[in-house]
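For reference, the structure discussed in these notes is given below.
The values are calculated or read from the model by the stated rules, or taken from the named source; none is laboratory data. Keep in mind that this is a model prediction, so the values were computed, not measured. What goes into the accessible areas is simple: the full protein's heavy atoms, side chains included, and nothing from ligands, DNA or RNA. Shrake-Rupley method; radii C 1.70, N 1.55, O 1.52, S 1.80 Å.
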Amino acid sequence: MNPKQVFLSVLIFGVAGLLLFMYLQVWIEEQHTGRVEKKREQKATSGWDPINYLQPAPRIMITEKNQEHSTNQQNPKFHMPEDLKEKKENLLKSQIPTAILTKTSHTQGEDQALGKISGSSSTNKLIEKHQGTRTIFKKFNEMNWPLDIRPLNKSFVKDNKWKKTEVTQEKRRSFLGEFCKKYGGVGHPQSHLFHMVSRIYVEDKHKILYCEVPKAGCSNWKRILMVLNGLASSAYNISHDAVHYGKHLKTLDSFDLKGIYTRLNTYTKAIFVRDPMERLVSAFRDKFEHPNSYYHPVFGKAIIKKYRPNACEEALNNGSGVKFKEFVHYLLDSHRPVGMDIHWEKVSKLCYPCLINYDFVGKFETLEEDANYFLQLIGAPKELKFPNFKDRHSSDERTNTQVVRQYLKDLSRTERHLIYDFYYLDYLMFNYTTPVL
């Protein structure tokens, strides 16, 4: 083959290769465009838009007006009185910075009525972003998902002193039930079933399911479950490490599907919650203001590195000394340097209270009273009482409204609003008073 033929052969192969490359490039671009358009269509029809926590959400204000009317109604309704709209607008227009967190009561409406959740159309749209209501409820109904509120079995309760607690409990259950009926599967109902029940502890003897909410009395609740299981004679003799690292208690995700559904439909399901701001500050104090071999190197180092300009080498190496403001920046960052943690995760994503219908809703603010009433309901031994001691750092003042107020003083008004927006659903679901920020 002479040089001329070689040259022509190379030229032909080169042109053919170029044409093939151009064809493949066009084909790849068409495929990519098709996928993008498909995603846009799915997004437009699904209603599952990402939430931007850098933009404050509309607030739902709760009133305690019309006491007589509220106490007589069986089911709470959701609406916004006209005079409240003006108050809401005036509040948001106010330019006076304040670091005060106020609470008129443990829960608005529990002493008088269920309260009224009210909201504008924009508020309803916000909540609808969190739901996959019709399709997900249909899916779970087909699986005999326990959605209806069951009456509590009060056959073990013989003492009349629990009447007030009983009324409060019914109001809480009704309020949460009505909220979930109104707004549907709030949270992330797309989650896998085994993940949804992974925080639920099982006590088979008394047929109890307890969903763990950290910083809301969970350590002492685990002690109670261990006593009920016959693993200890007294809750006061169980150490912190035995509670959290002993692997003595089973979680619901350790059972097969049949075992999970049977227990969800027949056991008494309990959840204990806490004011979101108090719970957040309590978690920060526990994990970052005391020596900690896990949270300092894992969370502390990452937080200081990203949110503290000109951090010293010692802080970068050991992760100690995280400031509350830095911790809040981490919490609100959509690109966190390290993931979320159960101690400050939203209750709506820990326990799925609009998909798992809890029979008992306790609150940290009335923990001892609620817990001892619950022990009566499930027929626990009469001598068993809920322990009231502080699990760790017993010399520290308990995190309360006054303590929270001191921590919020270090934040800007916008940062305080964004924390509220982050825990928005928890405030609504459990009827906690909207803080004045």
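Numerical summary
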item	result
Amide H partners (placed H, <5 Å) of residue 269, local residues excluded	209, 359, 360
Surface accessible to a 1.4 Å probe, per residue, for the residues of the stretch 163-247, Å²	41
Lysine pairs within the stretch 327-437, Cα separation less than 20 Å, 8 or more sequence positions apart or different chains	4
Share of alpha-carbon pairs per 10 Å distance bin for the stretch 292-412, given as whole %	10, 27, 32, 20, 9, 1
Portion, in percent, of the accessible area of the stretch 205-299 that falls on carbon or sulfur, probe 1.4 Å	50
Rounded accessible area per residue of the stretch 369-435, 1.4 Å, Å²	40
Average accessible surface area per residue within the stretch 251-338, 1.4 Å rolling probe, Å²	44
Across 163/250; 181/306; 154/250; 161/247; 182/306; 215/323, pairs whose alpha-carbon gap is larger than 31 Å	163/250; 181/306; 161/247; 182/306
Carbon and sulfur %, accessible surface of the stretch 362-437 computed with the full protein complex present, 1.4 Å	47
Values of log10 I(q)/I(0), in the order q = 0.13, 0.15, 0.26, 0.27 Å⁻¹, for the stretch 355-437 under a Debye, Cα-only, solvent-free model	-0.65, -0.82, -1.26, -1.29
